[in-house]
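The values are calculated or read from the model by the stated rules, or taken from the named source; none is laboratory data. Fair warning: this is a prediction, and the values are worked out from it, not measured in the lab. Don't worry about glycine lacking a Cβ; one is built from the backbone with ideal geometry, like all the others, and counts go over all protein chains shown.
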Amino acid sequence: MSIALTENAARHVERYLQKRGKGIGLRLGVRTTGCSGLAYKLEFVDDADATDSMFESHGVKVYIDPKSLPYLAGMELDYTREGLNEGFRFHNPNEKAQCGCGESFTV
């Protein structure tokens, strides 16, 4: 079971952490919301929680809380730019469907 970042995602996170001037990595999780049931959440980590699982990808530490780990196992996080749009893309093998607006998903 692993969580991976693409090189683009890792570079983006590293740049943002440097700009912030603090932080040890990125926390990925899920929350209950939306029309499909779950949504991804991202936040920068200043202090690790003892219950988190930690993965390292391209030099960036990724923290996952125990509740979110089963939903995110095997996921790859990418960062893309398409024209004027840019952002993180979640490639989650556990995802069965997304809502029409793309804000939430179901497993």
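Of the numbered criteria (1) more than 15 Å from the chain's Cα centre (by Cα); (2) outside any helix (DSSP H, G or I); (3) surrounded by fewer than 16 Cβ atoms within 10 Å (Cβ to Cβ), the one GLN18 fails is (2). Filtered by the rule that a residue be farther than 12 Å from VAL62 by Cα, touching a Ser or Thr at 6+ places or on another chain (Cβ under 7 Å) and not hydrophobic (A, V, I, L, M, F, W, C), segment 9-50 gives THR33, GLY34, SER36, GLY37. Listed conditions (1) among the aliphatic types (A, V, I, L, M); (2) buried (at least 16 other Cβ atoms within 10 Å of the Cβ); (3) farther than 15 Å from TYR16 by Cβ; (4) in contact with a strand residue (DSSP E or B) (Cβ under 6 Å, 6 or more places away or on another chain) are all met by MET75, apart from (4). Taking segment 27-44 as the search range and keeping residues that are surrounded by 12 or more Cβ atoms within 10 Å (Cβ to Cβ) and without any contact (Cβ under 8 Å) to a residue 40 or more places away in the chain, which one is nearest to ALA4 (Cα to Cα)? Taking the candidates together, the pick is ARG27. Residues that are at pLDDT below 95 and of a type in the set (Ser, Thr, Tyr) within segment 58-69 comprise just one, SER68.
Give segment 78-103 a look and list any residue that's assigned to a loop (DSSP other than H, G, I, E, B) and either under 14 Å from LEU42 (Cα atoms) or modelled with pLDDT of 75 or more (or both), or say none. Break it down stepwise before answering.
Kept after step one, since they are assigned to a loop (DSSP other than H, G, I, E, B), are these residues of segment 78-103: 83-84, 92-96, 99-103.
Selection gives GLY83, LEU84, ASN92, PRO93, ASN94, GLU95, GLU103.
The set of residues in segment 52-93 that are among the small types (Gly, Ala, Ser), in contact (Cβ under 8 Å) with a residue 24 or more places away in the chain and under 15 Å from ALA9 (Cβ atoms) comprises SER57, GLY59.
Which condition number does GLU7 fail, the rest of (1) at pLDDT 95 or above; (2) surrounded by 16 or more Cβ atoms within 10 Å (Cβ to Cβ) being met? The single condition GLU7 does not satisfy is (2).
At negative phi and surrounded by 13 or more Cβ atoms within 10 Å (Cβ to Cβ): does that describe ASP47? Against the criterion (at negative phi and surrounded by 13 or more Cβ atoms within 10 Å (Cβ to Cβ)), ASP47 does not qualify.
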